[in-house]
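The values are calculated or read from the model by the stated rules, or taken from the named source; none is laboratory data. From a predicted model like this one, the values you see are computed outputs, not experimental measurements. So basically every Cβ, Gly included, is an ideal-geometry build from the backbone, and we count neighbours across all protein chains shown.
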Amino acid sequence: MKKTLVLAKETPIYRSELAAHGIETVFCDSKDPFEIAKAGEGCAAAIFTSVRFDEAQFSKMPDLKLLSRYGIGIDTVDLAAATAHGVTVCNCPTYGTYDVAEHTVALILALSRSIPQYDRRIKSENNWRQVGMRTAHRLSVQRLGVVGFGRIARWVVTMLRGFDMEMMVYDPYLNEETAKELGVRPVTLEELVETADIITLNAPLTKETHHMVNEALIAKMKPGVLLVNTSRGGLIDEAALVKALQSGHIAGAALDVFEREPFAEDHPLRSMENVILTPHVAWCSVEAKANLLTEVLGNVIDYFEGRPLKNALN
């Protein structure tokens, strides 16, 4: 029998879409490993968002052969353990790339022009003065530093090309032909942080990139730099970021992702005037939601119908 476990609250469209392909759906809205294993008995596939799948979990689910991630990041999955247990892991890599890039550009513009800060001043104080506010620079005289150059980052530089910015990229896998085609200059991470006026993080979260923006790297950044992160919160050591924002070494940050989501009520970022926060919604649009549903279900349907898994990661 074709059977799929969906680790979420019951959603009729999952059941109806999969049923059209002869696939039975079981829902389990829990992160408890034993409840998940019990619900997943007989299920060859599972759709998940943030549940952890490690050696222990795979050992409890011998019927499992496919994991389809509702999203891009798979930092909660032990890929080596999945491979050892014969489980193929797929994600949805393209559903919201344009949207995250669009949100990144919006944050760059809002941060550069202090739009949220002016908005708060007028609404709370009817204050129309510029005193105490950061004076903007034209983007055409700013250097943009892009860390990571996958699908999202390529859309970012394409969207920003009309602002006539100088754009630098740090990505160990970037080839010269792609850089030339998209009008960016490949640089080392050190050169990027030393010379960029605005830095956008678009790298995946791995063991190598965890806390890559730490106290040591921040110390090398150009004083007054602006920092944008729409990738993964774990790329930044938040304590080091707060310290740099308080000192003014980093003039402002715009963040859509955080190490803990939602973060603590007393988190210092919530009260900082030079910070823009959005709640991990960079991907979110009507179009992206439709694309995501198509991709996450497509992985499962392709598996059961014997087609190649185009989004397989192992």
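Annotations for the structure displayed:
- Against the criterion of being touching a strand residue (DSSP E or B) at 6+ places or on another chain (Cβ under 6 Å) and crowded, with 20+ Cβ neighbours inside 10 Å, V146 qualifies.
- Residues (assigned to a helix (DSSP H, G or I), under 26 Å from P279 (Cβ atoms) and in contact (Cβ under 8 Å) with a residue 60 or more places away in the chain) located in segment 83-97: none
- For segment 189-219, filtered to residues that are out of contact with any helix residue (DSSP H, G or I) (no Cβ under 9 Å at 6 or more places or on another chain) and surrounded by 18 or more Cβ atoms within 10 Å (Cβ to Cβ), the residue that is farthest from L245 (Cα to Cα) is L192.
- Condition met for T11 (among the β-branched types (V, I, T), out of contact with any Leu (no Cβ under 7 Å at 6 or more places or on another chain) and without any contact (Cβ under 8 Å) to a residue 24 or more places away in the chain): yes
- Within segment 164-181, being touching a Ser or Thr at 6+ places or on another chain (Cβ under 9 Å), crowded, with 18+ Cβ neighbours inside 10 Å and of a type outside the set (S, T, Y) holds for M165, M168.
- Residue match in segment 62-82 (condition: crowded, with 18+ Cβ neighbours inside 10 Å, part of a helix (DSSP H, G or I) and in contact with a Pro (Cβ under 9 Å, 6 or more places away or on another chain)): no
- All positions within segment 142-162 that are in contact with a Pro (Cβ under 8 Å, 6 or more places away or on another chain) and at pLDDT 95 or above: G148
- In summary, R134 fulfils each of the numbered conditions (1) assigned to a helix (DSSP H, G or I); (2) of a type outside the set (S, T, N, Q); (3) buried (at least 16 other Cβ atoms within 10 Å of the Cβ) with the single exception of condition (1).
- Taken as a whole, the condition of being surrounded by fewer than 19 Cβ atoms within 10 Å (Cβ to Cβ) and either touching a strand residue (DSSP E or B) at 6+ places or on another chain (Cβ under 7 Å) or β-branched (V, I, T) (or both) does not apply to R161.
- Test: residue in segment 35-56 that is of a type in the set (S, T, N, Q), surrounded by fewer than 17 Cβ atoms within 10 Å (Cβ to Cβ) and farther than 30 Å from G148 by Cα: no
- The criterion of at least 3 residues that are more than 15 Å from the chain's Cα centre (by Cα) and assigned by TED's automatic domain parsing to the domain that holds Y14 is met, among helices (runs of 4 or more DSSP H) falling completely within segment 209-311, by 286-304.
- Some residue of segment 187-197 being in a strand (DSSP E or B) and touching a residue at least 12 places away in the same chain (Cβ under 8 Å): no
- Among the residues making up segment 107-118, those that are in a helix (DSSP H, G or I) and under 27 Å from the mean Cα position of the chain (by Cα) are L107, I108, L109, A110, L111, S112, I115, P116, Q117.
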